[in-house]
Amino acid sequence: MIKTKVLKINDIDDVNLIEAAEILKKGGVVAFPTETVYGLGANAMDEKAIEKIFIAKGRPADNPLIVHVASVEDLKKLVSDINEKSEKLIKNFCPGPLTLIFNIDKKVAKNVTSGLNTLAIRIPDNPIARKLIALSGLPIAAPSANISGKPSPTEGEHVIDDLYGKVDCIIVSEQSKVGLESTIIDMTSKPPMLLRPGKITIEEIENIIGIIQVDKFLEKKIDEEIKPKAPGMKYKHYSPEAEVIIISGEYEKKIEKIKELKKLYSDKKIGIMCSDELVKFFLDDIYISLGSKENLDDIATKLFASLRKFDDLGVDIVLAEDYDTKGMGKAVMNRLNKAAGFNIINV
Ligand code: TXA
Ligand code: MG
């Protein structure tokens, strides 16, 4: 057990932020809020500090980390191959929920990139995150602050559940606004390639830099043979203890199918995860509504917290409604498909 300091911080002038930054400078590991999900940070130049992240999360060593910096100026200190398209994306979306991959220029600790010769970088938009990074004066490598395989944390409480006693410090702040991890674009591919969908959508990116490619493994169940470009995408992910089954298709048919499955699994504790539009049919069940299906940003914000909540409720099976894959829906369905291990019933 490590002694974990829990700091409640909601103001960038809070002196506790200086203490958290000191922990980072001394090679410690600090969980902090970002606008996407909470991250677990350490000095990207310090191999020993980075090792602590992998141990705390139980993260496979071949899964590289994203380096977080406070400003465009600091980003440019780490990479030099910033072409015109990258400049445009940086100008439009950074700080924000976007990660860009470049060829490595300045060396960070080698376990940050798991031996790859590319580096993923992002400038978070959350003011606490940025102030913390600026105060540390360091590039901060940070994966999501969950135990590997579990849904990413969108509340400080989730981080405490997963990492208390395993890290030096946990900053508890507001709920993550976006709720899903950053969009990842590999800028070393020609044309640039989407490796993970997120709040910044393909449409928004293509509006700025023209056509991009999409990693063809993004929507598929990944087996041993397949190598996605973002190594982390091959692992079982976002999984609650409960089995998740997605019900996909027309509205009326989905309702019927969920009712049928409830009967079929009558010996199990069933949870229904759906939109406001569908929830009225299941008010006698254990249910969580993620919001209107017309508001995919809302659905995204609540998805991971809801998957965790079903575990707290001791549910065996989550029957989950599917969503449109327009805009943010692509990221929502990417995470939901993974949480369900691509266990989808089409009706
Ligand atoms: O929103 C986010 O990006 C959050 C917050 C904390 O910033 N971070 C996050 O980190 O989601 P993580 O470690 O959970 O996911 C990073 C993903 C993994 O799938 C990893 O394989 C991929 O990024 N990745 C990192 N470096 C890469 C590289 N050089 N090439 C390809 N994929 C990379
Ligand atoms: Mg993660």
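The values are calculated or read from the model by the stated rules, or taken from the named source; none is laboratory data. Source: prediction; values computed, not measured. Note that we place each Cβ from the backbone using ideal geometry, even for glycine, and neighbour counts take in every protein chain shown. Note: areas computed on protein heavy atoms with side chains; ligands, DNA, RNA excluded. Shrake-Rupley method; radii C 1.70, N 1.55, O 1.52, S 1.80 Å.
Please determine whether any residue of the stretch 116-126 is touching a Gly at 6+ places or on another chain (Cβ under 7 Å) and charged (D, E, K, R).
Checking the stretch 116-126: at least one residue is touching a Gly at 6+ places or on another chain (Cβ under 7 Å) and charged (D, E, K, R).
Please pick out the residue among Lys52, Lys106, Lys85 that is touching a helix residue (DSSP H, G or I) at 6+ places or on another chain (Cβ under 9 Å) and at pLDDT 95 or above.
Unique residue meeting the criteria: Lys85.
I'm checking my understanding of the structure. Among residues of the stretch 137-162 that are within 13 Å of ligand 2 (Cβ to nearest atom) and of a type in the set (A, V, I, L, M, F, W, C), which one is farthest from Glu241 (Cα to Cα)?
Among them, the one singled out is Ala141.
Would a scan of the stretch 166-182 turn up a residue that is modelled with pLDDT of 95 or more, more than 17 Å from Ala331 (Cα to Cα) and within 16 Å of ligand 2 (Cβ to nearest atom)?
Checking the stretch 166-182: at least one residue is modelled with pLDDT of 95 or more, more than 17 Å from Ala331 (Cα to Cα) and within 16 Å of ligand 2 (Cβ to nearest atom).
Being surrounded by fewer than 19 Cβ atoms within 10 Å (Cβ to Cβ) and among the β-branched types (Val, Ile, Thr) is the filter here; which residues of the stretch 318-338 pass it?
Answer for the stretch 318-338, where residues must be surrounded by fewer than 19 Cβ atoms within 10 Å (Cβ to Cβ) and among the β-branched types (Val, Ile, Thr): just Thr325.
Kindly list, by first and then second residue, each pair from a residue in the stretch 103-121 that is assigned to a loop (DSSP other than H, G, I, E, B) to a residue that is of a type in the set (Phe, Trp, Tyr) and within 12 Å of ligand 1 (Cβ to nearest atom), limited to pairs with Cβ atoms under 9 Å and residues at least 6 apart or on different chains.
Filtered contacts from the stretch 103-121: Asn111/Phe54.
Determine which member of the set Gly198, Gly149, Gly179, Gly165 is farther than 22 Å from Glu84 by Cβ, open to solvent by less than 40 Å² (accessible area, probe 1.4 Å) and over 20 Å from the mean Cα position of the chain (by Cα).
Gly165
All but one of (1) assigned to a helix (DSSP H, G or I); (2) within 12 Å of ligand 1 (Cβ to nearest atom) hold for Asp162; which doesn't?
Only one criterion is unmet by Asp162, namely (2).
Please count how many residues of the stretch 83-102 are free of Cβ contacts under 8 Å to residues at least 60 places away in the same chain and not acidic (Asp, Glu).
4
Take residues that are in contact (Cβ under 8 Å) with a residue 60 or more places away in the chain and over 21 Å from Gly96 (Cβ atoms) and tell me which of the strands (runs of 3 or more DSSP E) falling wholly in the stretch 200-316 contain 3 or more.
By residue number, 243-248.
Ala134 passes all but one of (1) within 16 Å of ligand 2 (Cβ to nearest atom); (2) open to solvent by 20 Å² or more (accessible area, probe 1.4 Å); (3) aliphatic (A, V, I, L, M); (4) not in a loop (DSSP other than H, G, I, E, B); which number fails?
That leaves (1) as the condition not met.
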